[in-house]
Amino acid sequence: QLQLVESGGGLVQPGGSLRLSCAASGFTLGDYLIGWFRQAPGKEREGVSCISRSGGSWNYADSVKGRFTISRDNAKNTVYLQMNSLKPEDTATYYCAVEGSYASCSGYAARRYDYWGQGTQVTVSS
């Protein structure tokens with residue numbers, strides 16, 4: 001069974017931090033480019049960040065640049081999204097997704113992905 005499982009979401013105060021994890025099972029995460037996406041109620045899904053198979057290509061949405069950091073640990077078959085200085089507008093369901101055909105993160109938000117996780121909720125509120 002091929003699965004992606006996100007974890008680490010929760011309720012956090014503005015200015016706080018969370019680290020999301022995306023753990024793969026049933027396949028090797030190192031064979032895939034990884035994207036993080038989020039979707040807030042009533043809004044379209046948007047790309048948040050991307051990291052390539054090698055880790056040599058990455059990308060961030062302008063809204064999170066400088067605050068979020070994507071990383072991967074292929075030995076643990078896990079990708080992370082460290083989120084700092086969180087804002088209420090970061091509130092959304094966060095999803096990880098993987099794609100095995102592209103080496104670069106250029107245009108990652110518009111690509112079709114092979115597998116998606118179930119999502120983890122992030123709520124930023126005082």
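Inspect the stretch 108-116 for any residue being within 15 Å of Glu6 (Cα to Cα) and either in contact with an Asp or Glu (Cβ under 9 Å, 6 or more places away or on another chain) or modelled with pLDDT of 95 or more (or both) and give the result as yes or no.
Yes, that holds for at least one residue.
Across the stretch 34-58, what is the total count of residues that are open to solvent by 40 Å² or more (accessible area, probe 1.4 Å) and either more than 11 Å from the chain's Cα centre (by Cα) or among the basic types (Lys, Arg) (or both)?
So the answer is 10.
Could you please let me know if Ser63 is among the small types (Gly, Ala, Ser) and more than 24 Å from Phe27 (Cα to Cα)?
Criteria met by Ser63.
Which members of the stretch 28-42 meet the condition of being closer than 13 Å to Leu4 by Cβ and without any contact (Cβ under 8 Å) to a residue 60 or more places away in the chain?
Thr28
The values are calculated or read from the model by the stated rules, or taken from the named source; none is laboratory data. Fair warning: this is a prediction, and the values are worked out from it, not measured in the lab. With ideal geometry, Cβ positions are generated from the backbone for all residues, glycine too; neighbour counts draw on all protein chains shown. Side chains are part of the model used for accessible areas, which takes the heavy atoms of the whole protein and leaves out ligands, DNA and RNA. Shrake-Rupley method; radii C 1.70, N 1.55, O 1.52, S 1.80 Å.
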